Amino acid sequence: MEQYVIKGGTPLKGEVEIGGAKNAALAILAAAVMTDDTVTLSNVPDVRDVNVLLGAIQDIGADVKRIDKHVVQINGSTIQGLSVDYEYIKKIRASYYLLGALLGKYHKAEVALPGGCDIGSRPIDLHIKGFKALGAEVDISYGLISASAKKLTGNHIYLDKVSVGATINILMAAALSEGKTVIDNAAKEPHVVDVANFLNSMGADIRGAGTESIRINGVEKLHGTEYSVIPDMIEAGTFMCAAVATGGDVTVRNVIPKHLEATTAKLLEAGCQVVEYDDAIKVIATKELKSTQVTTLPYPGFPTDMQPQMTVVLGIAQGVSTVTESIWENRFKYVDELARMGAQIQIEGSVAIITGVDHYTGARVQAPDLRAGAALVIAGLAGDGITVVDDIYFIQRGYESFAEKLQGLGGQIEQTSSEREIQKFVLKVS
């Protein structure tokens with residue numbers, strides 16, 4: 001069992017480079033099998049979820065080559081099996097993207113029902129609705145979801161709820177369907193746009209991605225391409241919050257500032273100074289933090305994946321803040337852990353009422369999921385004394401070299417794998 005051990009109290013300062021977007025990369029890697037030509041992808045983050053998906057793609061027979069740490073080459077011409085029941089695939093939510101990709105290309109697919117972080121119910125009914133509208137038959141049994149069609153035909157599909165996963169999955173299947181498909185009430189997230197741009201670079205005809213109505217003219221086949229994944233706005237936002245919570249001065253590089261507007265707006269309200277450049281954002285937090293109100297919403301609203309990190313910032317802001325979670329019902333599971341560090345947070349339904357405290361204090365805490373785990377690390381960096389964050393497996397699902405990047409900003413943090421190593425760190429920093 002590995003953990004992060006942290007000595008808090010040091011303001012983070014310097015520059016940090018942001019990697020490729022995990023959520024975009026997972027969908028794009030799945031879509032890469034939709035052609036028999038070679039696809040070369042760069043700016044792919046080296047995180048657990050990506051490596052699990054690459055293992056699954058390899059397991060069904062595709063040729064997968066790691067050119068270097070962040071460049072992957074995939075050739076789907078050698079795919080033999082259309083059933084994805086790879087040992088680890090149940091652990092990641094994005095496994096369902098292989099359903100849309102394989103259904104589009106082969107008109108048949110079977111994938112193990114997805115897992116991921118336990119942040120609430122994430123039904124796949126909208127994915128099924130979309131596949132059925134395109135002419136597929138869908139069945140769920142024995143822990144597998146299977147879809148098949150004699151042919152896929154374009155259709156008008158209205159999503160009852162904004163869903164990133166369903167939008168992307170339907171997009172992939174529709175790209176190789178006959179005729180025209182319109183997805184209304186589509187998700188507008190940057191990674192939806194990135195997947196559409198990637199498919200277009202392979203010869204797809206997709207318009208309107210980033211708006212609530214996406215139009216897809218089906219094509220007969222796709223071709224190879226070279227493509228670079230967009231920067232990760234959640235990783236960027238996490239480092240911005242870490243800078244703020246520690247009273248630091250950090251420049252976050254390799255970002256698209258527009259994608260970070262909701263996060264930037266709330267940090268400005270909290271009393272920080274934010275300077276935007278073409279591909280970087282500088283965050284300075286030398287003044288006392290102020291309370292504010294945050295509500296998570298689909299893009300371009302405040303991202304649910306930034307909610308725990310923002311809560312940690314507001315936990316040490318003057319006054320009373322509220323954070324309303326409108327996307328997932330289990331997203332406050334980390335609050336009990338944060339309370340062990342001195343936070344004063346009361347949960348009432350989907351609202352966290354946060355009374356700011358002077359500072360956090362070090363404690364032993366457990367990461368309940370990916371983003372909450374990162375938030376607890378931020379609290380440890382901002383707090384007094386030693387913090388140990390267990391179950392960092394969750395954090396490694398979506399953050400590459402997290403400890404090393406924080407060390408580069410002056411953070412006192414190490415990854416350890418035993419009580420002895422924890423004690424060695426404590427002795428070194430005390």
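Annotations
- Restricting attention to the stretch 210-232, the residues that are assigned to a strand (DSSP E or B) and under 18 Å from Ala175 (Cβ atoms) total 8.
- Evaluating Gly14 against the criteria (1) over 18 Å from Thr238 (Cα atoms); (2) surrounded by fewer than 24 Cβ atoms within 10 Å (Cβ to Cβ); (3) modelled with pLDDT of 95 or more; (4) among the small types (Gly, Ala, Ser) leaves one unmet condition, (1).
- Residue list for the stretch 309-337, restricted to those being under 20 Å from Arg364 (Cα atoms) and either among the polar types (S, T, N, Q) or open to solvent by 50 Å² or more (accessible area, probe 1.4 Å) (or both): Gln309, Thr311, Lys333, Asp336
- Consider the stretch 274-292 and keep the residues that are within 17 Å of Ser321 (Cβ to Cβ) and charged (D, E, K, R). The one that is most open to solvent (accessible area, probe 1.4 Å) is Lys287.
- Candidates Asp278, Asp336, Asp358 - the one that is in a helix (DSSP H, G or I) and of a type outside the set (A, V, I, L, M, F, W, C): Asp336
- So Asp390, is it touching a strand residue (DSSP E or B) at 6+ places or on another chain (Cβ under 7 Å), of a type in the set (D, E, K, R) and either farther than 10 Å from Tyr4 by Cβ or surrounded by 20 or more Cβ atoms within 10 Å (Cβ to Cβ) (or both): no
The rows are residues; the columns are (1) crowded, with 20+ Cβ neighbours inside 10 Å; (2) polar (S, T, N, Q); (3) in contact (Cβ under 8 Å) with a residue 60 or more places away in the chain; (4) more than 24 Å from Lys221 (Cα to Cα).
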{"site": "Ala31", "(1), (2), (3), (4)": "yes, no, yes, no"}
{"site": "Asp49", "(1), (2), (3), (4)": "yes, no, yes, yes"}
{"site": "Val72", "(1), (2), (3), (4)": "yes, no, no, no"}
{"site": "Ser83", "(1), (2), (3), (4)": "no, yes, yes, no"}
{"site": "Glu87", "(1), (2), (3), (4)": "no, no, no, yes"}
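- Tallying residues that are surrounded by fewer than 23 Cβ atoms within 10 Å (Cβ to Cβ), small (Gly, Ala, Ser) and closer than 22 Å to Lys13 by Cα within the stretch 356-384 yields 1.
- Restricting the stretch 122-149 to residues that are more than 15 Å from Gly179 (Cβ to Cβ) and assigned to a loop (DSSP other than H, G, I, E, B) leaves a set whose member that is most open to solvent (accessible area, probe 1.4 Å) is Tyr142.
- Taken together, the residues in the stretch 256-273 that are among the β-branched types (Val, Ile, Thr) and open to solvent by 30 Å² or more (accessible area, probe 1.4 Å) amount to 1.
- Yes/no for Pro308 being farther than 26 Å from Lys13 by Cβ, touching a Lys or Arg at 6+ places or on another chain (Cβ under 8 Å) and at pLDDT 95 or above: no
- Residues of the stretch 150-203 classified as β-branched (Val, Ile, Thr), within 18 Å of Gly218 (Cβ to Cβ) and open to solvent by less than 30 Å² (accessible area, probe 1.4 Å), total: 8
- Among the residues of the stretch 56-68, those identified as under 27 Å from Ile395 (Cα atoms) and open to solvent by 10 Å² or more (accessible area, probe 1.4 Å) are Gln58, Asp59, Val64, Lys65, Arg66, Ile67, Asp68.
- Looking at Ile413, Ile353, just one residue is open to solvent by 10 Å² or more (accessible area, probe 1.4 Å) and not in a helix (DSSP H, G or I), and that residue is Ile353.
- Residues located in the stretch 90-113, provided they are over 11 Å from Leu144 (Cβ atoms) and at pLDDT below 85: Lys91, Ile92, Arg93, Ala94
The values are calculated or read from the model by the stated rules, or taken from the named source; none is laboratory data. What you see is a predicted model; the values in this text were computed from it and never measured. For neighbour counting, all protein chains shown are included, and Cβ atoms are generated from backbone atoms with ideal geometry for every residue, glycine included. In case anyone asks, the SASA skips ligands and DNA or RNA and just uses the protein heavy atoms, side chains included. Shrake-Rupley method; radii C 1.70, N 1.55, O 1.52, S 1.80 Å.
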